[in-house]
1. Write out, first by first residue and then by second, each pair whose Cβ atoms fall under 7 Å of each other, whose residues are 6+ apart or on separate chains, and whose first residue, in the stretch 60-89, is in contact (Cβ under 8 Å) with a residue 40 or more places away in the chain while the second is not in a strand (DSSP E or B).
2. Name the single residue, out of those in the stretch 2-11 being without any contact (Cβ under 8 Å) to a residue 40 or more places away in the chain and in a strand (DSSP E or B), that is surrounded by the most Cβ atoms within 10 Å (Cβ to Cβ).
3. Within the stretch 51-58, can one find any residue that is among the aromatic types (Phe, Trp, Tyr), surrounded by 15 or more Cβ atoms within 10 Å (Cβ to Cβ) and modelled with pLDDT under 90?
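The values are calculated or read from the model by the stated rules, or taken from the named source; none is laboratory data. For clarity, every value in this text was computed on a predicted model and none was experimentally measured. Backbone-built Cβ (ideal geometry, glycine too); neighbour counts: all protein chains shown.
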Amino acid sequence: MPVKIRLARVGRKKIAKYRIVAADSRARRDGRFLDTIGFYDPQTDPKTFTYDSDKVAKWIENGAQPTLTVKNLLRQDQFFAKMEGRAKGLTPEQMNLERKPERTRKPKQKKEKK
């Protein structure tokens, strides 16, 4: 059973909030899942991203693959660097890692009429 760490949408229409879950890859997006790992709210400013690092580490060690979006969120929070430091025996104070700033996007340019 291939397991993915992915987003499951919750919230009402046009106000998206997401749970970060470990789910069977064959299950539907909002269907059955094995474990709730965290929460992501892109509507707030700054975007809210909370997760249980012990659960994420456990699932990744057991072979779960994070989806591209979840991997990018974890990378922004420097989870993988923290995991490497923890494996080397470093404390969080010694690693001195902070969350990276949110990526800014350029506004779309309007097409000119001919």
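1. PRO66/LEU74
2. ALA8
3. Taking the stretch 51-58 as the starting set, the residues that turn out to be among the aromatic types (Phe, Trp, Tyr) are 51.
Those still in the list that are surrounded by 15 or more Cβ atoms within 10 Å (Cβ to Cβ) too: 51.
Of the ones still in play, those that are also modelled with pLDDT under 90 are none.
For the stretch 51-58, residues among the aromatic types (Phe, Trp, Tyr), surrounded by 15 or more Cβ atoms within 10 Å (Cβ to Cβ) and modelled with pLDDT under 90: absent.
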